[in-house]
């Protein structure tokens, strides 16, 4: 293999490694919102040169996880409730689509994965472990998203879930999230029975709870029984409250 190709591949691998590590640190709160991202210090922590770190930082900016201020300093981007009110309804709507596509494709293995993850969620909430709870929740939703069979949808939701995970870490608070366990159990039962209306109704209710836990000012919503050809209420409600 020619030397230039070898060098290029090595550099790409280092850039990707730097990006993955820095993204994980931002998502799990190791690097908090507003924290400076100095390429020299990060390169030392990662055990690599500054060049792949700088490239990773640029990619993090493209993803909205880092920002460069007017004085050319790069830092972890802030997290706001406005972001939650904008992102949550998008994710909820795309997950509704995923449920419709996955309904006839759900198998015993996917349902078992969801049940195990829901047990993990219950244990994590009892132990007051936000990181483990978020991992379990991601696994539950990821199981039916994967079964949708639509790779573009899977990829789009994966990127959005990074933002959701970061928002929830930033605004975890002390809310009682145990109702999510019952929501997931009901969702699993609906998917097992191929009951699309119930699965979609429970899904939106679960996302509404999530938004209310981090944003107490979010208005209470009735349980959803509207026709499935109508926009979900979460999207309508958050559209009306994105300002401010």
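Quick check on region 41-61. Is at least one of its residues touching a residue at least 40 places away in the same chain (Cβ under 8 Å), assigned to a loop (DSSP other than H, G, I, E, B) and closer than 30 Å to residue 207 by Cα? No, because not a single residue in region 41-61 is touching a residue at least 40 places away in the same chain (Cβ under 8 Å), assigned to a loop (DSSP other than H, G, I, E, B) and closer than 30 Å to residue 207 by Cα. Determine whether region 146-156 contains at least one residue that is over 25 Å from residue 195 (Cβ atoms), out of contact with any strand residue (DSSP E or B) (no Cβ under 9 Å at 6 or more places or on another chain), surrounded by fewer than 19 Cβ atoms within 10 Å (Cβ to Cβ) and in contact (Cβ under 8 Å) with a residue 24 or more places away in the chain. Checked against the condition, which is being over 25 Å from residue 195 (Cβ atoms), out of contact with any strand residue (DSSP E or B) (no Cβ under 9 Å at 6 or more places or on another chain), surrounded by fewer than 19 Cβ atoms within 10 Å (Cβ to Cβ) and in contact (Cβ under 8 Å) with a residue 24 or more places away in the chain, region 146-156 yields at least one hit. Please indicate, with yes or no, whether at least one residue in region 220-232 is under 24 Å from residue 24 (Cα atoms), surrounded by fewer than 21 Cβ atoms within 10 Å (Cβ to Cβ) and at pLDDT below 95. So far as region 220-232 goes, no, none of its residues is under 24 Å from residue 24 (Cα atoms), surrounded by fewer than 21 Cβ atoms within 10 Å (Cβ to Cβ) and at pLDDT below 95.
Kindly establish whether residue 107 is touching a helix residue (DSSP H, G or I) at 6+ places or on another chain (Cβ under 8 Å) and loosely packed, with under 14 Cβ neighbours inside 10 Å. When the stated conditions are applied, residue 107 passes them.
Among the residues of region 174-197, at least one is part of a loop (DSSP other than H, G, I, E, B), assigned by TED's automatic domain parsing to the domain that holds residue 95, in contact with a helix residue (DSSP H, G or I) (Cβ under 9 Å, 6 or more places away or on another chain) and modelled with pLDDT under 90. Scanning region 116-145 for residues that are without any contact (Cβ under 8 Å) to a residue 24 or more places away in the chain and closer than 16 Å to residue 173 by Cα yields 124, 126, 127, 128, 129, 132.
With the structure loaded, tell me whether residue 14 is out of contact with any strand residue (DSSP E or B) (no Cβ under 7 Å at 6 or more places or on another chain), surrounded by 14 or more Cβ atoms within 10 Å (Cβ to Cβ) and within 30 Å of residue 184 (Cα to Cα) or whether it fails that test. So residue 14 does not fit the description; no.
Of 89, 78, all but one fail to be more than 30 Å from residue 185 (Cα to Cα) and touching a residue at least 40 places away in the same chain (Cβ under 8 Å); the exception is 78.
Only one entry in 201, 212 is buried (at least 18 other Cβ atoms within 10 Å of the Cβ) and closer than 24 Å to residue 86 by Cβ, namely 201.
The values are calculated or read from the model by the stated rules, or taken from the named source; none is laboratory data. Remember, it's a predicted structure, so these values are computed and weren't measured experimentally. Don't worry about glycine lacking a Cβ; one is built from the backbone with ideal geometry, like all the others, and counts go over all protein chains shown.
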